[in-house]
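Input: a single structure, listed below in structure tokens.
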Amino acid sequence: MNFARRFKLNFLNNSIKHGNFNENCNKILAQVRKKTTQAAAGAASGDDNGKKANADEERTTHFGFQKVKESEKDKKVHKVFEDVASSYDLMNDAMSVGVHRLWKDIFMDRLWPTHGVRLLDMAGGTGDIAFRYMRQLAAQKNNLKRHSHVTISDINQHMLDVGKERARLQGLTEEELPFLTINWQQADAEQLPFEDNSFTAYTIAFGIRNCTHIDRVLREAYRVLKPGGRFMCLEFSHLTNSTLQWIYDKYSFQVIPPMGQILAGQWQPYQYLVESIRQFPRQEDFKKMIEDAGFELVYYENLTFGVVAIHSGFKL
Ligand SMILES: C[S@@+](CC[C@H](N)C(=O)[O-])C[C@H]1O[C@@H](n2cnc3c(N)ncnc32)[C@H](O)[C@@H]1O
């Protein structure tokens, strides 16, 4: 069988297996309707069924467009990033046509770290954010000889291993950057193994969307930051223009999974990627969640019409 035919068959199989965009939208609508009916039934009758329905809801969450048990989501997300670790950087460039680099540059510009900062880069993956932080410090004078620190932390050791090797190849190590201590540490953003008030900045880029309990991640970020510390999140978000959203949806659902299949031999992780983006809270809702965790002076900035957004807040 030639490549084109094999790819077409694969494409069709995956479309059937994972459903097309319209079917997925219908599934979501059906879920929302079901949820609303259950809540209304429970509220109207005050009976146990409504409470039971709500209890069931609490134990489930979304994994892309699928509804899964909370405990299953962690495993599935772990598998996604285990599968993509080696092709992660190549795919990032291909899917965003390199624009993710600009978003990350802008993100680091907004943080503008100076010597003396203690940064926790959570869900740090293969190190893109931490590398920008290191380069920015290396480019600054350090007359006061202040010491800085970065912890790059991720739940997935495979991603960290790829990151460590990239850091070595790019000369971003403690030997090359004597003003800095670097700690690569596996950890769950929902349950951090760090002491209260131990960092001056916390970044999370394209990571929080994958966590099961966003509120727990935010509470943990607040706990480990020192008073005056800054929380910053870079995440896929929602477009402000409906025509652009339509084009973006077409691109996401019809181009990205097939591209994953061709370049990385993987369809499912990229199907998950585009679905999980649609499930993430809208800019204003996420801002409210950050405020609810205790952060102040919270604001957000859309990049590329809202394809991604930067949220920022301070622990005061
Ligand atoms: C899309 S990658 C982003 C990596 C990197 N920040 C970047 O911008 O290139 C998402 C990362 O989140 C990590 N992750 C998912 N759930 C996590 C959790 N609960 N705690 C910590 N990291 C998590 C994944 O392992 C993965 O490395």
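Given Ala187, Ala221, which one is in contact (Cβ under 8 Å) with a residue 24 or more places away in the chain and near the ligand (Cβ under 9 Å from one of its atoms)?
Just one listed residue meets the conditions, Ala187.
When the criteria are applied in full, Val255 meets the requirement of being of a type in the set (Val, Ile, Thr), surrounded by fewer than 15 Cβ atoms within 10 Å (Cβ to Cβ) and modelled with pLDDT under 95. Checked across region 94-113, the condition of being more than 10 Å from the ligand (Cβ to nearest atom) and over 19 Å from Leu303 (Cα atoms) holds for at least one residue. Residue pairs whose Cβ atoms lie under 7 Å apart, separated by 6 or more positions or on different chains, with the first residue in region 83-105 and farther than 23 Å from His158 by Cα and the second modelled with pLDDT of 85 or more and more than 12 Å from the ligand (Cβ to nearest atom), are Val99/Thr304; Trp103/Leu303. In region 148-163 there is at least one residue that is more than 11 Å from the ligand (Cβ to nearest atom), of a type in the set (Val, Ile, Thr) and surrounded by 13 or more Cβ atoms within 10 Å (Cβ to Cβ).
Could you grab me the full set of residues in region 279-304 that are at positive phi and assigned to a helix (DSSP H, G or I)?
Passing the criteria: only Thr304.
Conditions tested, residue by residue: (1) surrounded by fewer than 19 Cβ atoms within 10 Å (Cβ to Cβ); (2) at pLDDT 95 or above; (3) more than 12 Å from the ligand (Cβ to nearest atom).
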{"site": "His62", "(1), (2), (3)": "yes, no, yes"}
{"site": "Ser71", "(1), (2), (3)": "yes, no, yes"}
{"site": "His78", "(1), (2), (3)": "yes, no, no"}
{"site": "Met91", "(1), (2), (3)": "no, no, no"}
{"site": "Met134", "(1), (2), (3)": "no, yes, yes"}
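The values are calculated or read from the model by the stated rules, or taken from the named source; none is laboratory data. Fair warning: this is a prediction, and the values are worked out from it, not measured in the lab. Backbone-built Cβ (ideal geometry, glycine too); neighbour counts: all protein chains shown.
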